[in-house]
Structure formats: C-alpha cells, structure tokens
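In what follows, a structure is listed as structure tokens, so that the remarks can point back to it.
The values are calculated or read from the model by the stated rules, or taken from the named source; none is laboratory data. Please read these numbers as outputs of a predicted model, since none were measured by experiment. Backbone-built Cβ (ideal geometry, glycine too); neighbour counts: all protein chains shown.
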Ligand SMILES: [Mn+2]
C-alpha cells in the first residue's frame, strides 16, 4: 500500500487550485439550479468493481509483453487493487476469477480486510482447460455434446458459488466461449438446449440471496456462431432461468455501431439488467480503457442508468473488464474508474424535466442539446473533491508515480512468464 503521508503531500500541492475550481463549478451549477454538494455525495457513494485479472498485463493472440512487478498470486492482485482503491476511492471491491484466484477463504478475507476491499461477483472459467481436469473444453463446456463434460462445467460453476459464499460474494457471472467455427459444425438449436439445461442446473444451486449473470458476446473464440451471442439470446436465458437470473452487458461484446444504450434501456424496462463490464472498443472486443474511444457512448449508457435510478429493485453491478497491453494496469484501471464516475456525474447533470418536455414536444434539437449540456460540463473538480475528502488522491496517477509502487513490486515479485490472456 502507499504511505498516507505521500498522498497528503501530493494533495497539498493541488488543493488550493482544486478548491478554486470546485467553487467556480459550484457557482456555475447553482445558476443551472443544481446543488454541487448533492452531486458530489452521489459520486462519493458510487463504486465500481475491479476484475482481479485486470491488474496483470494482458496480451493478444500474437504476443504478450510482460510488465514489471506483475502480480503472481491473488494476494499480489489484491495488493494492487488495494492501491487503486486507496488512491481513487472509487473501487471498493474485486471480482474474482476461478480457478485463477483459488485460495483458502480465510486468507482471502484477511487480505481483503488488510487492503480495504470487498468481493464482488464470482467469475467461472470453462473457456480453457485447467491442470488435472478430466474433460476438455475444446469443443465447448455447458453446451458440449458430451454429458460428462457438461456436468464437469456445471460442477465448476457450483464450486464458484461455494467459494463466493465463503467470502461474501452475492453473484456469479457466467461467460462461455461455446459456439462453432464452421457452418454445419453444430446444430444451433440442440446446442442451445444443452446450454439451457446445464445452466438450469447451476441456477438450481444458487443461494436465495444471490444473482446469476449471463454475459453475451457476439464472437470469439468461436467465429461462425456463438451460443450466447447477443442480448436477445441473453434475455431468453435470463427469462427461462427465473427471477434471480439477469443479463450482463459487456460494452465490447457487440457489433460496431450497435446502440448499446438502447439495449440497456430495454433490459431495464423488463427487469433483466444485471450489470456491466465496462471497457471501450474501436472494432470488436478490444478491451481498451473505459472512455478512451467513445466517452459519449459511455455517457449515454449512464444517461439511461440515471433515468432508471428510482425504478424499484434496480441495482445493476458495475465492473471494469479490460486488457492492458501497453500501459501500467494500475494506472489504466484508476483512469477507467474515474471515467465511469465522470459519465455518471455528467448524466446526473442532465435536466430531466426539461428533457422530457422537449421529447414530448418533438423538439429533437433541444432534446439532444440537453444531453450535450450534461456531457460538456467538466466535472473533474467534483470527482477530485470526492476522492480527496475520502482520503484519496486529487491526482491519483501522479501520486502513484511519485510513490514508486511499481518499482517496489518489480524488485519484490518474480517475473510472470505465463501467456496470460483469458480476458472476456
Ligand atoms: Mn466481460
């Protein structure tokens, strides 16, 4: 973890400027009838989960270029996630991936306590083979033609629930790479039936206070057909399974130019939006830093979420899901958590009564301008003030660089040689 006095020193340099910027923005928002303190309170309460796999350096099909001081164990990963939370105060929980993060529950809980973190949704992994596993997932897992392979995948998911229960998690996220690479390779209907049958067995093992998230993805690793390929199929699954089953939307898992905010609105309307994997993309499942390519799309997603804030029982899970190939993962995750907060704060600034009026009067130009007014507002002072007041850093990336944390862990941790990957 980073020495508290280092954070205070870095804040001392920036605090006068921040206060001036915050006051100026407060005056500006006041003229728009918005209370800056109320927005700050909402931002303060907002949290997003870090994926445990995100703190390692990712890779592509072609290569992986390891970074210095990569985490070797789940305990190293929790240390890195603890630093992200310490500096941003926006990432209070970690989403574990099994079996990568398998460890005794008591040790996980002790480390979480030490690093100030909690545990978010559990993630199962049946998209690769693991040492000692009897049946291969080469041709699928929950939808495999072989009953014993499907059973093995079901049992793995049930084990994820069991591990999660011991550490205070309340959700399981299932993503499978099942599909086909050639027309005719599989019977599309029978494969989906096998998937549904297996997933129902997992659902039957879900504790009553848990949620099950299924994650759709258009293609990759299967390149002709994918079993859970889009939000429509995902909705069918969640509906077939029952009230505790919800759809998870990964921003990168759609065809280019798909209107994701509209998918979000539809799932909200029918009570099936379970949560998000935030990231950004230019072409496909690029897993780039959230808000790095299309921050307006991220804002439009949050516009739908803010619109639905008062819907009864509405509580989607927010997680990042990114692969960092050319940046320090800690820096990318800090920046991304702040981008998500930014989109949330900007969406809170939209005058919804005015927007509704323009919509009802078919004033397209003024309606779209209402959104732009929110998006164009520089909310940085709100985010920085919220961080600082909770003990975080006004400038997390500068404070992190000043701390020398990366050099420290590079000297301590043995180099990671593995191929990594497995980012979904
Ligand atoms: Mn994902």
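Quick grid of which residues meet (1) farther than 30 Å from residue 58 by Cβ; (2) in contact (Cβ under 8 Å) with a residue 40 or more places away in the chain; (3) part of a helix (DSSP H, G or I):
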{"residue": "367", "(1), (2), (3)": "yes, no, yes"}
{"residue": "372", "(1), (2), (3)": "yes, no, yes"}
{"residue": "393", "(1), (2), (3)": "no, yes, no"}
{"residue": "408", "(1), (2), (3)": "no, yes, yes"}
- Query: Between a first residue in the stretch 250-263 that is touching a residue at least 40 places away in the same chain (Cβ under 8 Å) and a second residue that is more than 16 Å from the ligand (Cβ to nearest atom) and not in a loop (DSSP other than H, G, I, E, B), which pairs have beta carbons less than 6 Å apart while being 6 or more apart in sequence or on different chains?
  - Reply: 261/300; 261/304
- Query: Counting only residues that are touching a helix residue (DSSP H, G or I) at 6+ places or on another chain (Cβ under 7 Å), assigned to a loop (DSSP other than H, G, I, E, B) and either modelled with pLDDT under 95 or within 15 Å of the ligand (Cβ to nearest atom) (or both), how many does the stretch 270-291 have?
  - Reply: 2
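Per-residue answers, yes or no, for (1) surrounded by fewer than 13 Cβ atoms within 10 Å (Cβ to Cβ); (2) without any contact (Cβ under 8 Å) to a residue 60 or more places away in the chain; (3) touching a helix residue (DSSP H, G or I) at 6+ places or on another chain (Cβ under 8 Å):
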| site | (1), (2), (3) |
| --- | --- |
| 4 | yes, no, no |
| 7 | no, no, yes |
| 11 | no, no, yes |
| 47 | no, no, no |
| 74 | no, yes, yes |
| 79 | no, no, yes |
| 89 | no, no, yes |
- Query: Does residue 367 satisfy being closer than 20 Å to residue 44 by Cβ and surrounded by 15 or more Cβ atoms within 10 Å (Cβ to Cβ)?
  - Reply: no
- Confirm whether residue 405 is more than 21 Å from residue 291 (Cα to Cα) and under 26 Å from the mean Cα position of the chain (by Cα). yes
- How many residues does the stretch 21-40 hold that are under 29 Å from the mean Cα position of the chain (by Cα), without any contact (Cβ under 8 Å) to a residue 40 or more places away in the chain and under 13 Å from residue 377 (Cβ atoms)? 0
- Query: Among the helices (runs of 4 or more DSSP H) confined wholly to the stretch 177-269, which include 2 or more residues that are in contact with a strand residue (DSSP E or B) (Cβ under 8 Å, 6 or more places away or on another chain) and away from the ligand (no atom under 16 Å from the Cβ)?
  - Reply: 188-204, 231-241
- Query: Would the stretch 292-312 turn up any residue that is within 14 Å of the ligand (Cβ to nearest atom) and closer than 30 Å to residue 353 by Cα?
  - Reply: no
- Query: Going through the stretch 164-175 one residue at a time, which ones are crowded, with 22+ Cβ neighbours inside 10 Å and over 17 Å from the mean Cα position of the chain (by Cα)?
  - Reply: 164
